[in-house]
Amino acid sequence: MFIGAQVSLYPMTSDFVDVIKSGLTALTPYTDDLRIETDDMSTLMVGAPEPLLDAIRDLFAEAARRPEHVTMHVTLSRGCPGEPDDPSCHCEALVRAQDLSLEDRKALAAEAVAAAPDLGVGIDVQFSLYVLGQDHHMDEIYGCIDFLKASGTFLKSKNFCTRLRGDAGAVFETLRQAFLRFGPAEGHVTIDLTASANSPSLR
């Protein structure tokens, strides 16, 4: 399986270089676990979902600790049939999770969010889950929506996406659970998300 993300960080300030560099310092603990490639458009991160989601979370949380408005766009993908298998992406927990019923998966996802670390950084996220190439994909999406509404991070539904709000630890754990527990273990599942922190529109 291939699991990865394209990540782009957008600080809304003329001091954007320092904001980006401060965020990138948070990736240092993950350099041995992830393949990280950066160009002028985005940063590709490839690897197992635990360090992958932690790295994305910590990158954004670190940038959001500053006062400037900052946003981040992420495309997450697992199981894309057009990508070669990568042994670093192996996730036994993902395979085991899909042996459970949808109700059990929703319950375990909620428990994981409740146990998420508090990072002391408030953020907003809107995202869409895409379960691709499966006849009953809407069952998985509706199950994910049920989980989201009970997650404690749910803000509201919008056309084509769901809004989350809360501490970065809980919000990114909600995203991790949506990514891993819904859709077939060996299937193609993607998430498209935009994160925002310190927006002047909320003041």
If you count, for each residue, the other Cβ atoms within 10 Å and average over each peptide, how do 164-176, 111-123 line up from highest to lowest?
164-176, 111-123
Proximal charge balance of PHE2 [Cβ under 13 Å; K/R count +1, D/E count -1]
-2
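Tell me the Kirkwood hydrodynamic radius of the stretch 52-144 in angstroms, computed as one over the mean inverse distance between distinct C-alpha pairs. Present the calculation step by step, with values, prior to reporting the outcome.
Working: mean 1/r = 0.0617 Å⁻¹.
Answer for the stretch 52-144: a Kirkwood hydrodynamic radius of 16.2 Å.
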What does the charge dipole of the chain about its Cα centre add up to, to the nearest 20 debye, if the Cβ of each Lys and Arg holds +1 and the Cβ of each Asp and Glu holds -1?
840 debye
Taking Cα atoms, the helix 137-149 axis meets the longest principal axis of the chain at an angle in degrees (rounded to 10) of 50 degrees
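Place the peptides 48-55, 102-109 in order of packing, highest mean first, counting for every residue the other Cβ atoms within 10 Å and averaging per peptide. Kindly include the intermediate steps, with their values, before the conclusion.
Details: 48-55: 20.0, 102-109: 16.8.
For the peptides 48-55, 102-109, the packing ranking is 48-55, 102-109.
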At 7 Å along the Cα-to-beta-carbon direction for both LEU44 and THR31, put a label point, then send me their distance in nm to one decimal.
2.0 nm
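Given the DSSP H assignment, sum -39500 (n - 2.57) over each helix run of at least 4 residues in the chain and divide by its residue total; what's the result at 222 nm in deg cm²/dmol, nearest 500? Don't skip to the answer; put the middle values down first.
Working: 6 runs with 71 residues, N = 203.
Calculated mean residue ellipticity at 222 nm is -11000 deg cm²/dmol.
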Distance between Cα centroids, the stretch 62-125 to the stretch 20-49: provide it in whole Å.
16 Å
Give me the angle, in degrees from 0 to 90, between the Cα long axis of helix 168-181 and the longest principal axis of the Cα atoms of the chain, rounded to the nearest 10.
30 degrees
Could you go through the stretch 23-28 in sequence order and give the Karplus-derived ³J(HN,Hα) for each residue, using 6.51 cos²θ - 1.76 cosθ + 1.60 with θ = phi - 60°, rounded to whole Hz, and x for Gly and Pro?
x, 5, 4, 6, 7, 3
In square nanometres, what is the average projected area of the Cα convex hull of the chain?
11.2 nm²
TYR142 accessible area, nearest 10 Å², 1.4 Å probe?
130 Å²
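Please calculate how many Å² of accessible area the chain carries per residue, with a 1.4 Å probe and no DNA, RNA or ligand atoms counted.
Computed with neighbouring chains in place, this is 48 Å² per residue.
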Taking the chain, the lysine pairs whose C-alpha atoms sit under 29 Å apart (8 or more places apart or on different chains) add up to 4
Kindly rank 13-25, 144-156 from highest to lowest mean number of other beta carbons found within 10 Å of each residue.
144-156, 13-25
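The values are calculated or read from the model by the stated rules, or taken from the named source; none is laboratory data. Predicted model only: the values in this text are computed from it and were never measured. Cβ: placed from backbone, ideal geometry, glycine included. Neighbour counts: every protein chain shown. What goes into the accessible areas is simple: the full protein's heavy atoms, side chains included, and nothing from ligands, DNA or RNA. Shrake-Rupley method; radii C 1.70, N 1.55, O 1.52, S 1.80 Å.
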